[in-house]
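Engineer: What follows is a structure written as structure tokens; I'll ask about it next.
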Amino acid sequence: MSAKGGSAGPGSWLSAHGRLWYDDRWYRLAWIAWPQAIALFLFATLWLHQPGQGFIPWAKPIGDTPKNQPGPANPPIAPPLAGQPADLLAPCKNGQFADIVAACTSLLASGNLKGSNIAQAYWHRGWAYHSLKQYQQAMSDYDRAISMAPGFPEFFNDRGVLWIALNNNERAMQDFDQTILLKPDYGLAHMNRGITLRNLNRPNEALVSLSRAIELDPSLTSAFENRAFVYEDRSNWRAVYDDAMKLIELAPDYRMGYEFRGHAYLEVGQQQAAIADFTKAIALDPSAIYGYRMRGRAYYLMNQYDDAMRDYDAALRIDPKDSDTISFINDLRRRQRGR
């Protein structure tokens, strides 16, 4: 998801930033010191303009329940600091992403935030930037949040997700390891670590992390989904089927459970059951190419070539260059010529 064709793109900036952050302690100290200096200035300004108001010390960050899905999601709502309104950060948590950015920016400039609420405002704004794919700004805000409240595991988790989006899985691993160090029972972090390990072609470790995530939080649909991908890579169709069944139970309106189960049926020769599942997946998401391609393959294996070609044509309307569909069409044409 990084920009290409120039040194000014977000990928190049973030790569350099990540390298300096972990390798140059003076660079890291600068990032840590400046936000704190700015925060202290804001506090001092507020104190000077409000007689009788003393300095409020940094509060210990308070986490919340894990998010259910990988990638940017609505951050949890932490309890407010004593003496501050319960909804002080509310503008940072609701609305369109651009509105959240504007609201968090306004709050940060107001001087009204204190303690860990400043770090959380940066975190919420970073999440909004992340969702808008403005990765440079998101990384800056995540770094500021972490420098101010390094005990908040969700900050490291979300920065790790951003590193995944930037295809830097090594940096992502460091953040997920730190998240788990701070919060060992955080199922979402174990899941994201498993996804990263699969990206790094370390499937055995990926299965351990994903299974641990499921043990900690059996409602994590994406943990079942990503574990099914690992099993699919290994052609372990029984395990794919089992995770597909759990996906369908947890998210009956999500196509991936039916696609996984359909593929498992296809590989063990149950073509009619496979066709039924791929038909369900297509009904849930007609824009996804996989259901058409694989249902076409099931028809092909049943010698129903006209039905197969109709599905292949539908797949190519979605992506005319899809290599798997083109390969299946060539296979079908060879079979027809050999009849």
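The values are calculated or read from the model by the stated rules, or taken from the named source; none is laboratory data. Predicted, not measured: the structure shown is a model, and the values here were computed from it. Positions of Cβ are generated from backbone atoms using ideal geometry, with glycine treated the same way; all protein chains shown enter the neighbour counts.
Engineer: Which residue pairs have Cβ atoms under 9 Å apart, sit 6 or more places apart or on different chains, and have a first residue in the range 293-307 that is over 17 Å from residue 259 (Cβ atoms) and a second that is at pLDDT below 95 and of a type in the set (S, T, N, Q)?
Structural biologist: Close Cβ pairs (under 9 Å, with a partner that is at pLDDT below 95 and of a type in the set (S, T, N, Q)) amount to 305/336.
Engineer: Tell me, which residue of the range 218-253 that is in contact with a Leu (Cβ under 8 Å, 6 or more places away or on another chain), charged (D, E, K, R) and in a helix (DSSP H, G or I) is farthest from residue 277 (Cα to Cα)?
Structural biologist: Among those that are in contact with a Leu (Cβ under 8 Å, 6 or more places away or on another chain), charged (D, E, K, R) and in a helix (DSSP H, G or I), it is 227.
Engineer: Next question. So residue 138 ticks every box in (1) over 27 Å from residue 197 (Cβ atoms); (2) crowded, with 24+ Cβ neighbours inside 10 Å; (3) in contact with a Leu (Cβ under 8 Å, 6 or more places away or on another chain) but one. Which box is left unticked?
Structural biologist: The one condition residue 138 does not meet is (1).
Engineer: Continuing with the same structure: Using beta carbons and a limit of 6 Å, which pairs, at least six apart or on different chains, have the first residue in the range 175-191 and part of a helix (DSSP H, G or I) and the second one acidic (Asp, Glu)?
Structural biologist: 187/217
Engineer: On to the next question. Which members of the range 216-259 meet the condition of being free of Cβ contacts under 8 Å to residues at least 12 places away in the same chain and of a type in the set (D, E, K, R)?
Structural biologist: Within the range 216-259, 242, 249 qualify.
Engineer: Looking at this structure, is residue 251 over 27 Å from residue 336 (Cβ atoms), crowded, with 19+ Cβ neighbours inside 10 Å and hydrophobic (A, V, I, L, M, F, W, C)?
Structural biologist: In short, no.
Engineer: Can you tell me which residue among 160, 151, 126 is part of a loop (DSSP other than H, G, I, E, B), closer than 26 Å to residue 189 by Cα and of a type outside the set (Ser, Thr, Tyr)?
Structural biologist: Just a single option satisfies the conditions, and that option is 151.
Engineer: Please determine whether any residue of the range 167-188 is touching a helix residue (DSSP H, G or I) at 6+ places or on another chain (Cβ under 7 Å), closer than 20 Å to residue 92 by Cα and hydroxyl-bearing (Ser, Thr, Tyr).
Structural biologist: no
Engineer: For the structure I just gave you, tell me whether residue 72 is part of a loop (DSSP other than H, G, I, E, B), within 16 Å of residue 145 (Cβ to Cβ) and modelled with pLDDT under 50.
Structural biologist: Answer is yes for this residue.
Engineer: When the range 325-339 is examined, which residues are found to be under 22 Å from residue 270 (Cβ atoms) and loosely packed, with under 15 Cβ neighbours inside 10 Å?
Structural biologist: Listed by number, the residues that qualify are 331, 335.
Engineer: Oh, and also: For the range 276-311, enumerate the residues that are acidic (Asp, Glu) and under 32 Å from the mean Cα position of the chain (by Cα).
Structural biologist: 277, 285, 311
Engineer: Considering only residues that are crowded, with 23+ Cβ neighbours inside 10 Å and more than 19 Å from residue 162 (Cα to Cα), look in the range 93-113 and name the one that is farthest from the chain's Cα centre (by Cα).
Structural biologist: Out of the qualifying residues, it is 113.
Engineer: From the list 185, 87, which residue is closer than 30 Å to residue 224 by Cβ, surrounded by fewer than 18 Cβ atoms within 10 Å (Cβ to Cβ) and out of contact with any Phe, Trp or Tyr (no Cβ under 9 Å at 6 or more places or on another chain)?
Structural biologist: Residue meeting the stated conditions: 185.
Engineer: Taking the conditions exactly as written (under 24 Å from residue 214 (Cα atoms), of a type in the set (Lys, Arg) and out of contact with any strand residue (DSSP E or B) (no Cβ under 6 Å at 6 or more places or on another chain)), does residue 261 satisfy them or not?
Structural biologist: Yes.
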